[in-house]
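A.B. asks: Could you have a look at this structure, given as structure tokens, before my questions?
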């Protein structure tokens with residue numbers, strides 16, 4: 001399943017397959033004492049590494065010099081190129097706890113506003129990722145990177161997506177009114193947003209085809225899996241099919257947020273050296289208290305007419321979401337996983353009660369796409 005890559009031009013290149021994770025712990029593996037990031041990165045290079053990763057945050061284990069050539073018996077290079085407003089902060093918080101428990105290196109980038117990279121930036125980032133002491137898990141908001149194209153060993157990819165309209169609504173209201181920290185606090189944090197934009201009725205935005213509620217802005221999830229090719233940002237069959245191909249060839253798992261507990265169970269099965277015990281942590285009372293502090297502020301649900309227009313506008317996103325959901329359910333069936341989540345609906349009838357259906361996990365500030373229109377161009381619409 002994860003044995004090939006594609007060049008930026010779309011042709012395939014062979015790559016060594018990743019071994020399936022060993023389901024038993026390797027008792028002979030030497031563990032090193034836990035230390036802060038500067039310890040395992042080295043004091044002389046930590047500033048350069050921080051610059052390269054854009055303000056990285058690291059949690060994990062110290063890797064001794066003599067351990068650097070050790071070949072680990074499980075996938076030891078994992079990349080989570082997290083999609084915005086799809087529960088990734090929930091997963092990152094869990095990963096921080098798991099990194100302490102299982103002694104792997106977690107590197108989390110602070111860059112939230114640069115998902116598309118130049119060729120030079122791609123190479124630099126991939127080399128820096130590859131130089132993280134193994135085992136590691138690297139996470140960042142970034143569109144798929146094809147390591148194989150640049151003759152660099154391809155890591156295992158994981159990700160989580162969400163119902164596209166639900167993700168869009170979460171982001172729309174978060175940008176304007178924030179989350180549990182309070183609307184007034186969010187107003188202070190977003191002083192550049194004019195009142196006309198902040199209080200723009202979402203139905204007007206959708207039905208009058210404002211840029212924020214139209215393509216290419218609503219073509220958001222697919223580029224995370226399609227990659228860095230310019231055509232990946234153009235809504236259409238090419239980007240959709242390439243995204244599907246990348247999922248089949250490069251991703252160990254892409255889950256859906258609506259069935260998050262099942263996603264965590266599958267991650268425990270597929271990557272036990274990283275995720276063993278994750279569901280117990282997620283369901284623990286102390287962790288669940290964090291969930292009470294979250295939730296994007298939503299003023300109201302769009303009309304059914306607006307939702308239907310948006311659904312048609314996001315048809316490629318929904319075709320991809322349905323593909324991922326089917327692949328996810330197929331994997332659950334193959335592994336024999338007893339589901340602990342409610343299955344998701346297969347019909348667009350969900351539109352009538354969509355907006356508030358999915359519980360809001362913890363999530364980070366949505367990245368701002370600086371390559372799109374400037375601060376005031378949202379006002380320009382047909």
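A.B. asks: Look through region 91-109, keep the residues that are in a loop (DSSP other than H, G, I, E, B) and touching a helix residue (DSSP H, G or I) at 6+ places or on another chain (Cβ under 8 Å), and return whichever of them is surrounded by the most Cβ atoms within 10 Å (Cβ to Cβ).
C.D. replies: Only one residue tops the list, namely 104.
A.B. asks: Which one of these is over 18 Å from residue 338 (Cα atoms) and assigned to a strand (DSSP E or B): 240, 252, 248?
C.D. replies: 252
A.B. asks: Of all residues in region 113-125 being out of contact with any helix residue (DSSP H, G or I) (no Cβ under 7 Å at 6 or more places or on another chain) and surrounded by fewer than 16 Cβ atoms within 10 Å (Cβ to Cβ), which is nearest to residue 277 (Cα to Cα)?
C.D. replies: So the residue we want is 113.
A.B. asks: Pick from 248, 264, 252: which is surrounded by fewer than 18 Cβ atoms within 10 Å (Cβ to Cβ), within 30 Å of residue 98 (Cβ to Cβ) and at pLDDT 95 or above? Can you show your working first?
C.D. replies: Numbers: 264 fails: surrounded by fewer than 18 Cβ atoms within 10 Å (Cβ to Cβ); 252 fails: surrounded by fewer than 18 Cβ atoms within 10 Å (Cβ to Cβ).
Every option except 248 fails the conditions.
A.B. asks: Conditions first: (1) surrounded by fewer than 22 Cβ atoms within 10 Å (Cβ to Cβ); (2) in contact with a strand residue (DSSP E or B) (Cβ under 6 Å, 6 or more places away or on another chain). Residue 228 passes all but one, so which condition is the exception?
C.D. replies: Condition not satisfied by residue 228: (2).
A.B. asks: Sort out which residues of region 113-148 are without any contact (Cβ under 8 Å) to a residue 12 or more places away in the chain and not in a helix (DSSP H, G or I), and write them in order of number.
C.D. replies: 118, 131
A.B. asks: Report, by residue number, each residue of region 150-208 that is more than 28 Å from residue 311 (Cβ to Cβ), part of a loop (DSSP other than H, G, I, E, B) and modelled with pLDDT of 90 or more.
C.D. replies: 151, 152, 153, 154, 155
A.B. asks: So, one more: Just give me the residues in region 126-142 being out of contact with any strand residue (DSSP E or B) (no Cβ under 8 Å at 6 or more places or on another chain) and surrounded by 21 or more Cβ atoms within 10 Å (Cβ to Cβ), in sequence order.
C.D. replies: The answer is 126, 142.
The values are calculated or read from the model by the stated rules, or taken from the named source; none is laboratory data. Since we're looking at a predicted model, the values are computed, not measured. Please note: Cβ atoms are built from the backbone with ideal geometry, for glycine as well, and neighbour counts cover all protein chains shown.
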